[in-house]
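Working notes for the structure below.
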Amino acid sequence: MKKVKSLFTLCLVALLATVAMTSCDDEQKTPGGTAQFAALVTFVSSNDQGSVFVAQENNESSPVTLTSPMKIDKPDANGLNGLNPGERCIIYYSNDSGKPFKAGEIRIYTIRIIANGKILSESMAEIRKGMADPIRVSNVERIGQYVNVFAKAPFNSEAKQFIIAVDEATVNDEVPQAYVLFKSDNAGVADREIIGSFDISSVWNLSTCKGLTIHYKDGEKDASVSFAKGGISIRPTE
């Protein structure tokens, strides 16, 4: 059984060109003409028979199961070159149907590790600290229980923090207020692309919750986007 270690990347230039986008469903072509797709997925499991992922195209579609004959190891001692069940990642793949988000077997070309985590509950004092470093968020989208954040920010090897946190004083409001937090390991370096996918279910599934507003920095500008239950996204504000 082949291993996937050589396919993992944090900053592969060719992949950056294909997944620096506002949503992960772009189609590319191989030199032979085979359609290839980038998708943000949840890693479910892996064994000697292969690996399983779950993908969802949008809030109107049902999740689909994607399987690969490739075995994926758990992360090494440095937390790299592997995945744990439940983690989100971007896969670059093709299939026999030539269409994205079709359940069944896929051929994986590259796996991109991205930031993962569950929404935190923090005081506004802590949230302000987490919004002090520069970041330019280009898109925030909700698909199912996850909020995906696409941004550029200065960091060397790994950001100290990249997560979404809800203001603890608003958790039980009809529309809790949450924030994209980012702390750089070196704020003086050039911007790099950073992508995260964060589980918001602990807030979204509250009986009091009718929606969620995400606040973020777009360079020097403050911006936000609100998501209402029922799949409708309210237009961002700046």
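Any read-out appearing in this document is the output of simple, stated calculations on the displayed coordinates, not a laboratory observation. Values in this document were obtained by computation on a predicted structure and should not be read as measured data. Please note: Cβ atoms are built from the backbone with ideal geometry, for glycine as well, and neighbour counts cover all protein chains shown.
Would you work out the relative contact order for the stretch 50-178, in percent, from Cα pairs under 8 angstrom that are 6 or more residues apart? Working shown, then result.
Details: 179 pairs, mean separation 25.4, N = 129.
Reported as a whole number, the value is 20 percent.
Applying the Karplus relation 6.51 cos²θ - 1.76 cosθ + 1.60 with θ = phi - 60° to the stretch 45-60 yields 3J(HN,Hα) values of 6, 7, 8, 5, 8, x, 10, 10, 10, 10, 10, 9, 6, 7, 6, 8 Hz, where x marks Gly and Pro. Taking amide H positions as modeled 1.01 Å from N, with prolines and chain starts lacking one, the residues under 5 Å from VAL175 and 5 or more places away or on another chain are LYS210. Most simply put, the stretch 116-237 has about 80% antiparallel DSSP beta bridges, counting only bridges with both residues inside it. Taking one quarter of the surface of the C-alpha convex hull of the stretch 84-128 gives a mean projected area of 5.1 nm².
Let's see if you can work this out: charge +1 on each Lys and Arg Cβ, -1 on each Asp and Glu Cβ, no other charges. What is the dipole magnitude of the stretch 116-237 about its Cα centre, in debye to the nearest 20?
Values: 14 positive and 16 negative charges, 42 e Å.
Roughly 200 debye, rounded to the nearest 20.
Length gained on full extension, LYS210 to SER138, computed as 0.36 nm times the residue gap minus the Cα-Cα distance: 23.4 nm. The simple spin-label model puts a point 7 Å past each Cα toward its Cβ; for SER121 and ALA187 those points are separated by 2.9 nm.
Multiplying each eigenvalue of the alpha-carbon gyration tensor of the stretch 116-237 by 5 and taking the square root yields semi-axes of 24, 14, 12 Å, largest first, rounded to whole angstroms. Database remark: amide H of ILE72 closer than 5 angstrom to the amide H of ASN47 (H placed geometrically; neighbours at sequence offset of 5 or more, or on other chains; Pro and chain starts carry no H). In this structure, THR34 and SER61 have a Cβ-Cβ separation that, at R0 = 25 Å, corresponds to a calculated FRET efficiency of about 0.60. Remark: the stretch 145-159, residue by residue, has Karplus-estimated 3J(HN,Hα) of 8, 10, 10, 9, 10, 10, 7, 10, 7, x, 6, 7, 10, 7, 4 Hz, where x stands for each Gly or Pro and the curve is 6.51 cos²θ - 1.76 cosθ + 1.60 at θ = phi - 60°.
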